[in-house]
Amino acid sequence: MQHHLYICLVWIHILCAMLWVGGMLFMTLMLIPALRGLKDPQLMRSLMQSVGKLYHRWGWGSLIVLFITGFMLLDYRGISHTQLASSEFWQSPFGTTLAWKLSFFVLVAVFSVIHDVSAIKSSKRENPTPEHRSKDRKLASWLGRVTLLCSLAIVVLGIMLVRGNPWL
């Protein structure tokens with residue numbers, strides 16, 4: 001792979017990570033607090049559903065691109081499919097760090113699926129009680145927080161893959 005293609009892949013990978021993590025930070029730190037200030041639960045739900053649908057498309061798209069470009073970048077670094085199948089690779093400092101990163105990636109995907117399924121069920125519920133709404137909101141909130149923390153861990157692990165792991 002030529003160096004300019006590598007730079008392009010890194011740029012796309014970082015851009016998608018920014019979209020994923022930045023979108024979650026935007027919602028957590030700005031959108032949700034601003035919507036709570038509206039004091040109109042129906043408007044808040046409507047706006048969250050609208051933004052959620054957009055983020056769903058862009059977020060899943062970015063995760064797919066991150067997965068693909070991640071393996072392409074490994075290939076550029078000389079890590080072949082054969083090495084990935086080797087137990088010695090996974091015991092190396094780089095392999096251990098990559099294993100953690102991939103584990104957190106799987107957690108992010110699983111938590112995102114659970115979040116999406118629960119959001120769809122919640123939006124289709126006819127005449128939800130205040131208890132149901134509260135329960136749905138708490139579940140979405142906790143899933144979002146855990147997904148954000150796992151995503152931030154992925155960013156740190158990605159930096160350690162390139163710059164070295166200070167703990168290994």
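The values are calculated or read from the model by the stated rules, or taken from the named source; none is laboratory data. Everything quoted here is computed from the prediction, not taken from an experiment. FYI the Cβ positions are ideal-geometry reconstructions off the backbone, even for glycines, and counts take in every protein chain you see. Each accessible area value is taken on the protein alone, full model and side chains, heavy atoms only, with ligands, DNA and RNA left out. Shrake-Rupley method; radii C 1.70, N 1.55, O 1.52, S 1.80 Å.
Annotations
- Reported label for calculated Cα Rg over 2.2 N^0.38 Å given (i) 1.40; (ii) 1.22; (iii) 1.79: (ii)
- For MET30, the accessible area of its heavy atoms, probed at 1.4 Å with every protein chain present, is near 110 square angstrom.
- Note on SER92 and LEU139: the extension gain reaches 13.2 nm, defined as 0.36 nm multiplied by sequence separation minus the Cα-Cα distance.
- Counting only lysines at least 8 places from LYS124 when in the same chain, those with an alpha carbon closer than 24 Å to its own are LYS39, LYS53, LYS135, LYS138.
- Highest-fluctuation residue, SER118, SER86, SER141 considered, GNM on the chain with Cα pairs under 10 Å: SER86
- Residue with peak Gaussian network fluctuation, the chain [Cα springs, cutoff 10 Å], from ASP75, ASP116, ASP40: ASP40
- The chain: angle of helix 3-26 to the longest principal axis, Cα-based, in degrees nearest 10: 30 degrees
- Between 0 and 90°, nearest 10: helix 41-76 axis offset from the chain longest Cα axis: 10 degrees
- Here the calculated FRET efficiency for ILE7 and ARG163, from their Cβ-Cβ distance with R0 = 25 Å, stands at 0.90, rounded to the nearest 0.05.
- Over the chain, relative contact order from alpha-carbon pairs under 8 Å, at least 6 apart, %: 29 percent
- 3J(HN,Hα) along the stretch 90-107, derived from phi through the Karplus expression 6.51 cos²θ - 1.76 cosθ + 1.60 where θ = phi - 60°, amounts to 6, 8, 6, x, 5, x, 5, 5, 5, 4, 4, 4, 5, 5, 5, 4, 4, 4 Hz, with x in place of Gly and Pro.
- Remark: spin-label model distance ALA99-VAL117 equals 2.8 nm, labels positioned 7 Å along the Cα→Cβ axis.
- For the chain, built as a Gaussian network whose Cα springs stay under 10 Å, the top-fluctuating residue of GLY78, GLY95, GLY23: GLY78
- As a fraction of the 1.4 Å probe accessible area of the chain, surface on carbon and sulfur atoms comes out at 70 percent.
- Excluding ligands, DNA and RNA, the accessible surface per residue across the stretch 44-101 is 63 Å² with a 1.4 Å probe.
- Qualifying trypsin sites (Lys or Arg not before Pro) in the stretch 45-153, where qualification requires a DSSP coil assignment and no more than 16 other C-beta atoms within 10 Å, comprise ARG77, ARG125.
- Computed about its Cα centre, the charge dipole of the chain is approximately 640 debye, with only Lys, Arg, Asp and Glu carrying charge at their Cβ.
- When the chain is described by a simple charge dipole with +1 on each Lys and Arg Cβ and -1 on each Asp and Glu Cβ, the residue from SER87, SER123, TYR6 located farthest towards its positive end is SER123.
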